[in-house]
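The values are calculated or read from the model by the stated rules, or taken from the named source; none is laboratory data. Only a predicted model underlies this, so the values are computations on that prediction, with no experimental measurement involved. Reconstructed Cβ throughout: ideal geometry from the backbone, glycine too, with neighbour counts over all protein chains shown.
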Amino acid sequence: LAALAVPARASAEPVVMADAPLLPAIRLTAALNRPHQDLSGAWAYSKDLYKTGWSTLMDWKPNRGNQRFSDVDVAAEEARDRYALFEYDMQNAPRMALPGAWNAALPQLRYYDGLIWFQRTFLVSPKPGERVLLRFEAVNYVTQVFVNGKTAGAHEGGFTPFTLDVTGLVRDGVNQVTLGVDSSHTDQSVPPRVTDWDIYGGVTRPVRLFVVPDTFIDDLYIRYTPEGRILAEARLMGPASAGSDVTLSLPALKLMARGRTDETGTAHFDLKAPRGLKLWTPESPTLYEVTVTAGTDSLSDRVGLRTIAVKGHQILLNGKPVFLRGICLHEEEFGSNPARNMTEPASRALLTEVKHGLNGNFVRLSHYPHSEVTTRLADEMGLLVWSEIPVYWAVAFGDARALTTARRMMAENILRDRNRASIIIWSVGNETPKTEARNHFMGTLADDAKRLDPSRLTSAALLVNKTKVDGVLHATIDDPMVDKLDILSANTYTAWYGNDRLEDVPAIKWSAPVDKPLIFSEFGADALAGFHAPDRRKFSEEFQADFYRATLANAATVPILAGLSPWILKDFQTPRREHPVYQNGWNRKGLLSETGARKQAFAVLAEWYSQRAI
Ligand code: GCB
């Protein structure tokens, strides 16, 4: 990634403390609740397959004619000088609606995996003592940001937000922002080159512009303890961050407290929860308005209060055992041409199928942080959430750069969402090899998760060791990570992949070396909606339904099982699945087709969950 050598302004660089998590310099927690300009809409774009506009790559052969990020008015230059040479003109380039992956925008870009430039203008008139921040909710995968032709910062990672302080680059009135977005992945990227989902390059979530006071409330972290206390930390950023007065209030609970920030800009609150507090549960997802004020800034959020813990092989929500009736989800809306632009109606439609269609109480948001739209809706609708970063398959576990990227992503994800009561699990990996390097890599992430948020559980989707003894299948979680993680999770595809037969699945004997809760974090089989086969062959709805019956029969025999998240709610696009009859670029393990038609297995799982509902 030579491209990233472009110097990033301080605000884009992670703050590195010895052995501490890698924190983004600006957090802007609960940003969506602040006044802002949404820069969604028409952006000019220009594709650049050979990355000629990536400044550092062309340093050996400077070519003004390709610098899409400059603020030169190309048409005016051409009009002024008939020998002027430009091989782009962003101001007059075609437009694309953002957010949304470019692969869905135009047939010519369906398989484009490389660099595309985006540009638009915005109006801003900051007053003295104000800061201008640009926040990007998700850009896949590497982004360089330029404001009025000057470097504003860079970011790697396709699913977590980043915020740049552009105060020094903006002028009063019309400004120009240009993004160079490179979707290509490398051997060091997270995720690596090969996954089982589609490219989805580009600006997939909104870009927003904020004007905040010079000293502003950058972070709020609030949680409820088993002892009945409400703990909160409010962190200010800016010249007056230390020694400032901060007020915290939860009006519905008649709670109000004053604090003062320490030298790190943080004010700590420790309040006794009043009687009558309603704890958040999936059945009754009570949210309380919380407001922090400091100086001229104020920030509000709606938060649920609850506890989550493990005891032996049980998961305890508010001290009571809970069985996770879940399903995995990719971030894809219904339809045959998803752009991974999750809107509230689209997210609500998907989560409604989980909650009311399947009788579920849990979603695994695989394999990367989903939109804040979804985690906020999970809070509101009452669904427990597994949140993960794309430490997936063959990540370069021995590579220091990959670890830095993953740690920063983990921090960005946790800092974004640690006030979401719905989230109970931070996951640090999916189906990864049992090597020393990987144990260190994922172990570091699990430690970071606990440091940033000791109030939640950790897990990882692990591979299972399977043997057959006297005709009976034995599945063992013999992974060195079991000691590190709070919950053991297993992806199990017996009788879909491999040579084992469906008839043997109900009798699989499960064992783990430690007494901890186990989740079947994945199991599933492809079925093409509408394909029915009397002989119940693979890819038929009948086979998928039988596969669910067999795996659920097995699940009922596993005493340490604390939940399920089968693979997956809905068919999703992936270049790995090219069977010309059944797949055509779609992984067909959805219980719903891409357009939302329910397959037979949907009812099988819904019925099983209705029996488990407490
Ligand atoms: C897995 C992966 C998931 C795949 C799925 C499959 O184990 O975690 O990303 O899509 O299997 O369909 O094979």
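Values computed for the structure shown
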| item | result |
| --- | --- |
| Matching option when the condition is within 16 Å of the ligand (Cβ to nearest atom), surrounded by fewer than 22 Cβ atoms within 10 Å (Cβ to Cβ) and part of a loop (DSSP other than H, G, I, E, B), among Asp196, Asp187 | Asp196 |
| Cβ pairs under 7 Å, 6+ apart, first in the range 492-511 and under 25 Å from Asn430 (Cβ atoms), second away from the ligand (no atom under 16 Å from the Cβ) and acidic (Asp, Glu) | Leu502/Asp546 |
| Single unsatisfied condition, Leu179 versus (1) under 29 Å from Gln119 (Cβ atoms); (2) in contact with a Gly (Cβ under 8 Å, 6 or more places away or on another chain) | (2) |
| Residue that is surrounded by the most Cβ atoms within 10 Å (Cβ to Cβ), among those in the range 73-110 that are over 23 Å from the mean Cα position of the chain (by Cα) and either aromatic (Phe, Trp, Tyr) or assigned by TED's automatic domain parsing to the domain that holds Asn341 (or both) | Tyr88 |
| Single residue of Asp198, Asp218 found to be in contact with a helix residue (DSSP H, G or I) (Cβ under 8 Å, 6 or more places away or on another chain) and not assigned by TED's automatic domain parsing to the domain that holds Arg418 | Asp198 |
| Strands (runs of 3 or more DSSP E) enclosed by the range 64-142 - at least 2 residues per element that are of a type outside the set (D, E, K, R) and within 23 Å of Ile199 (Cα to Cα) | 95-98, 115-124 |
| Sole residue being over 18 Å from Ile327 (Cβ atoms) and either modelled with pLDDT under 95 or away from the ligand (no atom under 12 Å from the Cβ) (or both), chosen from Asn554, Asn584 | Asn584 |
| Considering residues of the range 459-476 that are within 15 Å of the ligand (Cβ to nearest atom) and in a loop (DSSP other than H, G, I, E, B) only, the residue modelled with the highest pLDDT | Val464 |
| Residue match in the range 421-431 (condition: within 16 Å of the ligand (Cβ to nearest atom), assigned to a loop (DSSP other than H, G, I, E, B) and touching a residue at least 24 places away in the same chain (Cβ under 8 Å)) | yes |
| Matching option when the condition is of a type outside the set (Phe, Trp, Tyr), under 30 Å from Asp486 (Cβ atoms), surrounded by fewer than 23 Cβ atoms within 10 Å (Cβ to Cβ) and more than 13 Å from the ligand (Cβ to nearest atom), among Ala597, Ala606, Ala533 | Ala606 |
| Tabulated pairs, the range 478-491, first in the same structural domain as Val464 (by TED's automatic domain parsing) and within 15 Å of the ligand (Cβ to nearest atom), second among the small types (Gly, Ala, Ser) and in a loop (DSSP other than H, G, I, E, B), C-beta under 9 angstrom, 6+ apart or interchain | Ser489/Ser565; Ala490/Ala512 |
| Number of positions in the range 267-310 that are free of Cβ contacts under 8 Å to residues at least 40 places away in the same chain, touching a strand residue (DSSP E or B) at 6+ places or on another chain (Cβ under 8 Å) and charged (D, E, K, R) | 1 |
| Residues of the range 19-52 classified as under 25 Å from Val373 (Cβ atoms) and hydroxyl-bearing (Ser, Thr, Tyr), total | 3 |
| Residue check, Gly563 out of contact with any helix residue (DSSP H, G or I) (no Cβ under 8 Å at 6 or more places or on another chain), within 22 Å of Ser489 (Cα to Cα) and either in contact (Cβ under 8 Å) with a residue 24 or more places away in the chain or more than 16 Å from the ligand (Cβ to nearest atom) (or both) | yes |
| All positions within the range 432-457 that are closer than 23 Å to Leu220 by Cβ and not in a helix (DSSP H, G or I) | Asp453, Pro454, Ser455, Arg456, Leu457 |
| The range 235-250 - residue that is over 31 Å from the mean Cα position of the chain (by Cα) and not polar (S, T, N, Q) and, of those, surrounded by the fewest Cβ atoms within 10 Å (Cβ to Cβ) | Pro239 |
| Filter result (buried (at least 24 other Cβ atoms within 10 Å of the Cβ), within 16 Å of the ligand (Cβ to nearest atom) and either among the charged types (D, E, K, R) or over 20 Å from Glu331 (Cα atoms) (or both)) within the range 368-420 | Glu388, Val395 |
| When residues of the range 331-367 are limited to those that are within 16 Å of the ligand (Cβ to nearest atom) and not in a loop (DSSP other than H, G, I, E, B), the one nearest to Thr195 (Cα to Cα) | Leu365 |
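Every residue, every condition in (1) of a type in the set (A, V, I, L, M, F, W, C); (2) farther than 20 Å from Leu305 by Cβ; (3) out of contact with any helix residue (DSSP H, G or I) (no Cβ under 6 Å at 6 or more places or on another chain); (4) assigned by TED's automatic domain parsing to the domain that holds Ala154, yes or no:
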site	(1), (2), (3), (4)
Arg408	no, yes, yes, no
Asn413	no, yes, yes, no
Arg418	no, no, yes, no
Ala421	yes, no, no, no
Ser427	no, yes, yes, no
Phe441	yes, yes, no, no
Asp447	no, yes, yes, no
Pro454	no, no, yes, no
